[in-house]
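Shown next, in structure tokens, is the structure this report addresses.
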Amino acid sequence: MTSSQQTQELKSKIWQIANDVRGTVDGWDFKQYVLGALFYRFISENFSSHIEGGDDSIHYAELANDVITAEIKDDAIKTKGYFIYPDQLFGNVVANANGNENLNTDLAKIFTAIESSAIGYDSENDIKGLFADFDTTSNRLGNTVKDKNSRLASVLKGVAALDFGEFEENQIDLFGDAYEFLISNYAANAGKSGGEFFTPQHVSKLIAQLAMHGQKSVNKIYDPAAGSGSLLLQAKKHFDAHLIEEGFYGQEINHTTYNLARMNMFLHNVNYDKFNMKLGNTLTDPHFLDDKPFDAIVSNPPYSVKWIGSDDPTLINDDRFAPASVLAPKSKADFAFVLHCLNYLSGKGRAAIVCFPGIFYRGGAEQKIRKYLVDSNHVETVISLAPNLFYGTTIAVTILVLSKSKKDTRIQFIDASGEDFFKKETNNNVMKDDHLQKIMDMFSSKEDVEYIAKSERQDVIAANDYNLSISSYVEAKDTREVVDIIELNKEIKTTVAKINGLRSDIDKIVAEIEGDEA
């Protein structure tokens, strides 16, 4: 069996487990338990592997807690960010799960202990609250303690049965792939609510490539609306690790999704000292203001979400929004996220942001912001994608690429919404690697491609009221059938002659019939 087949078999099994053990509980509500159990197993095996250090004579899970010295614990926390005693390991808990009448409370104590182990260390904020959504006392698991324990045991044993092979060899990739697979499936089945925290991997890959294009290294990469961290992790997955020097940064407003993002980082072997995720409202309570600007920014912020806007008179003086001299509309915060990203971007950096198409042609404050972006020469490329690429919406979204190091003043427009840029699969359209490569080739060359790509001068865009819609600059291919008028007239003449002949024949037949009757 090939590695690809093994991965597919693993995905099939894990989704079956996720559905089997949840019973009557809604899948969206139950996702925390399957994802949490997968994370618990990962950090247990990851931690054991660290302590054993490749020494086959050491079996950490078999050791007694009291043999662990303070020095061992201190060193482990400084390195891994947390500590797990042998009897707290996933495998040891699973082994006794069915007969443990206190399973739900024991798990709660273990999760609290793991999080508490980081208190006072640099990793404290990265570990704090990681298991907050793995509520072992929730009535979602059952109305009685017995019912809760039974379902918890089923979840743990189901995840334990998954074959990840030897941890040191390939465990990390498989764990990360399994986690991403679960998140994407939950998102696909959750409709709009799922699409709010997960960007499909093929779109994430394109955004990461756009943001990092041409940069041999970046200091760090940032997502102001991080969701589950999928966009950030695509940068790690598709580029050599050394390219991203200081790690992955993000902010997320939803607490549950914030926890998913931090777990996702660990599961992709991004250690606590290489990521910095913050909880809060990016627009009104931004983090990282005092940090160095970012060389790469990726984002898929919520479309047309409401925000405080002009109701807070201090925002117009905010360094992020002041240069445009106007705030994004209170009913549509899209450009607030765009201006936030631009402010956080370094002089050599590039940002790739998924946007709602309406912001590129509407008037009012949005037009004034577009004028600022164009006149200050920060808009590099605008790319329209195919419809139905995202979960929960069929909208054909647009990617806005911002840069502070453009070599000329032209703006590139790419229409990647046609059939040459996607493949239909089940309920959604998907961009394959060859589709992404076509887009990246055009983005890199900046050459005009008939009906697809066009680079336009600033003065032309200014004369068009700063409209940045692709259709205003890229001529659509006329797919109507070309008609040869001369040939058509010949065909009509022949057809009329045939009709006249038929009429003459019919008249003769009618005359003969009338003569016979007379």
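The packing ranking of peptides 219-230, 380-391, 95-106, highest mean first, is 219-230, 380-391, 95-106, where packing means the average number of other beta carbon atoms within 10 angstrom of each residue. The stretch 260-301 and the stretch 353-430 have Cα centres spaced 23 Å apart. For the residue pairs Lys31/Lys220; Lys237/Lys432; Lys128/Lys205, alpha carbon separations beyond 21 Å are given by Lys31/Lys220; Lys128/Lys205. Summarising the amide proton neighbourhood of Gly349: residues at separation of 5 or more, or on other chains, whose placed amide H is nearer than 5 Å comprise Lys404.
Residues in the stretch 360-397, backbone N under 18 Å from the label point at Ser325 (7 Å along the Cα-to-beta-carbon vector): list them, ranges by number please. Under cut-off, by backbone N: 363-378. In terms of packing, defined here as the mean over residues of other Cβ atoms within 10 angstrom, the peptides 308-319, 260-271 line up highest first as 260-271, 308-319.
When Kirkwood radius over Cα pairs in Å is computed from the coordinates, the matching label among [x] 22.9; [y] 23.5; [z] 26.1 is [z].
How far is helix 365-375 tilted off the main Cα axis of the chain, in degrees rounded to 10, range 0 to 90? Computed tilt is about 90 degrees. Helix 103-116 and the longest principal axis of the C-alpha atoms of the chain enclose an angle of approximately 90°. The charge dipole of the chain, taken about the Cα centre with unit charges on the Cβ atoms of Lys, Arg (+1) and Asp, Glu (-1), comes to about 1100 debye, rounded to the nearest 20. The mean sequence separation of alpha-carbon pairs under 8 Å and at least six residues apart, normalised by the residue count of the chain, gives a relative contact order of 11 percent. Bridges between two residues of the chain, per DSSP, are antiparallel at a rate of about 50%. Relative to the longest principal axis of the Cα atoms of the chain, helix 485-517 runs at roughly 60 degrees. Label zone of Thr393 (point 7 Å out along Cα→Cβ, amide N under 19 Å): in the stretch 424-441 this covers 427-431. Taking packing as the residue-averaged number of other Cβ atoms within 10 angstrom, the listed peptides 139-146, 504-511, 465-472 run from highest to lowest as 465-472, 139-146, 504-511.
FYI, it's all coordinate maths here, none of it is from the lab. This structure is a prediction, so every number in the text was calculated from the model and none was measured. We place every Cβ from the backbone using ideal geometry, glycine too, and count neighbours over all the protein chains shown.
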